[in-house]
Amino acid sequence: MSFRKGSRCHRMSGNVFVISMLSMGAAATYLAILKHDSTNFGAGFLTFYLIGTAWLTARRRDGQTSRFDWAAVLIPVTLGILTWISGLAKVLAPGPPPDGVPAGMHFFMGSVMLLAAAGDVRMLVRGGVLGTKRLVRHLWRMCFGLFIATGSFFLGPNNRPLRLLATVGLRQQIFRTVLRDEVLFFLAVLPLLLLIFWFIRVRFTNAFRSEALATAGSEPALSAH
């Protein structure tokens, strides 16, 4: 996000980001299967889907789709329906949720999944996405995939950042003072704030309109996230 969009450094760092996120999503899904953890299974699978489709969106030409997109749309549809069902089950069940995840989070994530599916269907019906709409699709999927990671890390149980610092031998009191709940919450939602900023800049200004038109008909690299 710090490099100029479309620059060599931006493309290189973007590729590292994609590989890292896909590896993490695949590992999280595998561990969730071993532990019979449906929540983390859905989060890991959704992260893999979002980052994968965001990368494909940036790599393709304007208006380009494939058979893979028709199969991929089943992922957010299935996960979204199951996540909503899980949220409704928690609302109807007495007492607090056993996994500590409130029902509202299920409804939020399930709605995002179904919106992603709607975006896939719209793209396929229209024969692909063009110009700034392609950049927006790439942008929000990259940022929301990152939000899943930051939310899991900074808002996880028992202050995971402090546990990580303690593991590498950094137990100073200053870290306990700095990494308060409000700081962790800000770091967790920071990708969403950046998403809003870039969405407004790309969608409602001319900052990337000329770039999007210039890349039409040619194979782009990672364009904007």
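Output the number of the condition that M1 fails; it satisfies all remaining conditions of (1) under 25 Å from F199 (Cβ atoms); (2) among the aliphatic types (A, V, I, L, M); (3) part of a helix (DSSP H, G or I); (4) modelled with pLDDT under 90. Going through the list (1) under 25 Å from F199 (Cβ atoms); (2) among the aliphatic types (A, V, I, L, M); (3) part of a helix (DSSP H, G or I); (4) modelled with pLDDT under 90, M1 breaks only (3).
Do we find that S111 is at pLDDT below 90, more than 25 Å from G14 (Cα to Cα) and among the polar types (S, T, N, Q) in this structure? In short, no.
Mind checking which residues of segment 88-108 are at pLDDT 90 or above and within 28 Å of T53 (Cα to Cα)? Within segment 88-108, F107, F108 qualify.
Residues that are outside any helix (DSSP H, G or I) and without any contact (Cβ under 8 Å) to a residue 60 or more places away in the chain were ranked within segment 50-83; the one that is surrounded by the fewest Cβ atoms within 10 Å (Cβ to Cβ) is S66. So, in segment 143-169, of the ones that are under 22 Å from the mean Cα position of the chain (by Cα) and small (G, A, S), which residue ends up nearest to F199 (Cα to Cα)? Residue satisfying both the conditions and the ranking: G145. Among residues of segment 87-116 that are under 24 Å from N158 (Cα atoms) and assigned to a helix (DSSP H, G or I), those with a beta-carbon under 7 Å from a residue that is modelled with pLDDT of 85 or more and hydroxyl-bearing (S, T, Y) at least six positions away or on a different chain give the pairs H106/T83; H106/S86; M109/T83.
The values are calculated or read from the model by the stated rules, or taken from the named source; none is laboratory data. Computed from a prediction, not measured in an experiment: that's the story for all the values here. Don't worry about glycine lacking a Cβ; one is built from the backbone with ideal geometry, like all the others, and counts go over all protein chains shown.
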